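**Q** I have a structure here, written as structure tokens, and I will follow up with some questions on it.
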Amino acid sequence: MEHTNVLFSIGPLQVTSTVVSMWGIILVLTLLSYLATRKLKDVPGPLQNLAEMAVEKLQSFFADSLGVKHMRKYFPIFATFFIFIIVSNYSGLLPGVGHLKGMAQPTASLSVTAGLGVVAFFTTHIIGVRERGLKRYAVSFAKPLYLCVLMLPLNLIEQFIRPMSLALRLYGNMYGEETVTEQLYEIFPIGAPLIMQVLSLLFCLLQALVFTMLLSIYVSEAVEEEE
Amino acid sequence: MEKGIIAIAAALVLTLTAIATAIAQGITASRAMDAIARQPEAAGGIRGALVIALALMEALTIYGMLVAFMLVGKI
């Protein structure tokens, strides 16, 4: 629950439980993907089978909103977002997370989700500039041109609100869920928190889906040619 | 007195945003179901759009809830 519990500090950098658990998640994911792709075979083993299924599902999911061409080109970053967010969300369901030192649900901290939002912001604009060129991409914010005085500030404000709302949505959902579970635990410790935890099985998946789906919609908006 | 007012404010923030969001989400979901019933082939696309729309509305309640938590922290 606590977001400011500093474990130790390296110089001016304070290392919190959130950072430690993020590195833990990264290590686990790296290990899993190493093990899954170590010996690629035509007839896959269970782990390789699982990884292939996940990649195929993600590809068809992003192809819906991005189109096959751009999905193939930028698949790694979207898949990374999705896998990292969903694993972080589900890590909150492990016993002891939030109470023990060094274990905290990363996405229930505003700093982490704000970081994800900033990365999403730069992803959108870098892909937009790469696909359409700086000039044409910049002009696209002022369209339609006869209304450019009105549209330009509105569009620019929207671009800055998007990462903020992405970050706040993820943080609010995860933090709220954690708080509600805790409150239920205080009301009646046996069984009552289970209601919220079963619900959060669904919500964790939904929030990861919504984050990446919105990001892919933003990117497809930045990429597409408007006439 | 101060604390009581803050507590009422926190409760009001959450209830009012929840009421508004519930109405909006109810309308959205019922329309989406109508659309799916009328045209079951388009269910996939409608479901995707529905999830996005619901999430955007949900965000408003979440903002309200964050404000409520902040207010509760001040008591």
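**Q** Work out the mean other chain Cβ neighbour count within 10 Å for the residues of A:62-69 and drop it here as an integer.
**A** Averaged over the peptide's residues, the number is 1.
**Q** For the stretch A:97-108, what does the Karplus curve 6.51 cos²θ - 1.76 cosθ + 1.60, with θ = phi - 60°, yield as ³J(HN,Hα) per residue in whole Hz, taken in order and with x for Gly and Pro?
**A** Calculated HN-Hα couplings, in order: 5, x, 10, 7, 6, x, 10, 8, 5, x, 6, 8 Hz.
**Q** Right, next: Work through the residues other than residue A:197 whose Cβ is under 13 Å from its Cβ and net out their charges, Lys, Arg +1 and Asp, Glu -1.
**A** -3
**Q** Express the Stokes-Einstein translational diffusion coefficient of chain B in µm² s⁻¹, to the nearest whole number, given a Kirkwood radius over alpha-carbon pairs, 20 °C and a viscosity of 1.002 mPa s.
**A** Working: Rh = 14.0 Å.
Rounded, D is 153 µm²/s.
**Q** Tell me, A:34, B:63, A:171 in order of fewest to most beta-carbon neighbours within 10 Å?
**A** Ascending number of Cβ neighbours within 10 Å: A:34, B:63, A:171.
**Q** In terms of Cα to Cα distance under 25 Å, which lysines are near enough to residue A:143, apart from those fewer than 8 places away along the same chain?
**A** Candidates past the 8-residue exclusion: A:135.
**Q** If a helix is a whole DSSP H run, which ones in chain A reach 24 Å or further along their own axis (Cα) and hold a mean Kyte-Doolittle hydropathy of at least 0.5?
**A** Qualifying helices: A:17-37, A:68-91, A:110-132, A:192-223.
**Q** Along the charge dipole of the protein assembly as shown, pointing to its positive end and built from +1/-1 on Cβ of Lys, Arg, Asp and Glu, which listed residue (B:63, A:112, B:29) has its Cα farthest out?
**A** Ranked along the dipole, the leading option is A:112.
**Q** Another one. Let me check I've understood the local charge: for residue A:32, count other residues with C-beta under 14 angstrom from its C-beta, Lys and Arg +1, Asp and Glu -1. What total comes out? Walk me through the intermediate numbers first.
**A** Details: positive: A:38; negative: A:52.
Result for the neighbourhood of residue A:32: 0.
**Q** Using amide H atoms built in the peptide plane, which far-off residues or other-chain residues are under 5 Å from residue A:15 H to H?
**A** Residues meeting the criterion, in which the H sits 1.01 Å from N, are A:7, A:8, A:9, A:10.
**Q** Order these by the 10 Å Cβ neighbour count, fewest first: A:164, A:103.
**A** Ordered by Cβ neighbours within 10 Å, fewest first: A:164, A:103.
**Q** Return the long-range amide H neighbours of residue A:97 (sequence gap of 5 or more, or a different chain), with a cut-off of under 5 Å between placed amide H atoms.
**A** none
**Q** If you don't mind, another one. Build a GNM of chain A with springs between Cα atoms under 10 Å: which of A:108, A:79, A:51 gets the top mean-square fluctuation?
**A** Taking springs between Cα atoms under 10 Å, the residue moving most is A:51.
**Q** Could you estimate the translational diffusion coefficient of the stretch A:90-227 from the Stokes-Einstein equation, with Rh from the Kirkwood formula over C-alpha pairs, at 25 °C and 0.890 mPa s, in whole µm²/s? Please list the in-between numbers first.
**A** Values: Rh = 17.2 Å.
My calculation gives 142 µm²/s for D.
**Q** Have a look at B:9, B:54, A:140 and report the one farthest towards the positive end of the charge dipole of the protein assembly as shown, computed about the Cα centre with Cβ charges (Lys/Arg +1, Asp/Glu -1).
**A** Towards the positive end, the residue furthest out is A:140.
**Q** Ratio of Rg to Rh for the stretch A:54-159, alpha carbon only, Kirkwood?
**A** 1.11
**Q** Quick one: order A:146, A:137, A:218 by neighbouring beta-carbon count within 10 Å, fewest to most.
**A** Working: A:146 8, A:137 17, A:218 22.
Listed from fewest to most nearby Cβ atoms, that is A:146, A:137, A:218.
**Q** Points 7 angstrom from Cα along the Cβ direction at residue A:68 and residue A:201: gap in nanometres?
**A** If labels sit at residue A:68 and residue A:201, their model points lie 3.6 nm apart.
**Q** May I pose another question? For the stretch A:80-104 and the stretch B:1-55, what is the centre-to-centre distance using only Cα atoms, to the nearest Å?
**A** 27
**Q** When chain B is treated as a GNM, springs tying every alpha-carbon pair under 10 Å, which of B:24, B:35, B:11 comes out with the largest mean-square fluctuation?
**A** The residue that fluctuates most here is B:35.
**Q** Further question on the same structure: Return the sequence-ordered ³J(HN,Hα) values of the stretch B:4-15 in whole Hz as given by the Karplus equation 6.51 cos²θ - 1.76 cosθ + 1.60 applied to θ = phi - 60°, using x for Gly and Pro.
**A** Rounded to whole hertz, the list is x, 5, 4, 5, 5, 4, 4, 5, 5, 3, 5, 5.
**Q** I'm checking a number: the convex hull volume of the Cα atoms of the stretch A:169-227, normalised per residue, in Å³. What is it?
**A** 63
**Q** With N set to the residue count of the protein assembly as shown, report its C-alpha Rg divided by 2.2 N^0.38 Å to two decimal places. Don't skip to the answer; put the middle values down first.
**A** Working: Rg = 21.5 Å, N = 302, 2.2 N^0.38 = 19.3 Å.
Taking N as the residue count of the protein assembly as shown, the ratio is 1.12.
**Q** If eta is 0.692 mPa s and T is 37 °C, what Stokes-Einstein diffusion coefficient results for the stretch A:1-124, Kirkwood Rh from Cα pairs, in µm²/s?
**A** This corresponds to a translational diffusion coefficient of 200 µm²/s.
**Q** Next up: Between A:60, A:91, A:216, where does the largest GNM mean-square fluctuation fall for chain A, given springs only between Cα atoms within less than 10 Å?
**A** Most flexible of the set in this elastic network: A:60.
All of the numbers you see were taken from the coordinates with simple rules; none came from a lab. Since this is a predicted model, take the numbers as computed values, not measurements. Using ideal geometry, Cβ is built from the backbone for each residue, glycine included, and neighbour counts are taken over all protein chains shown.
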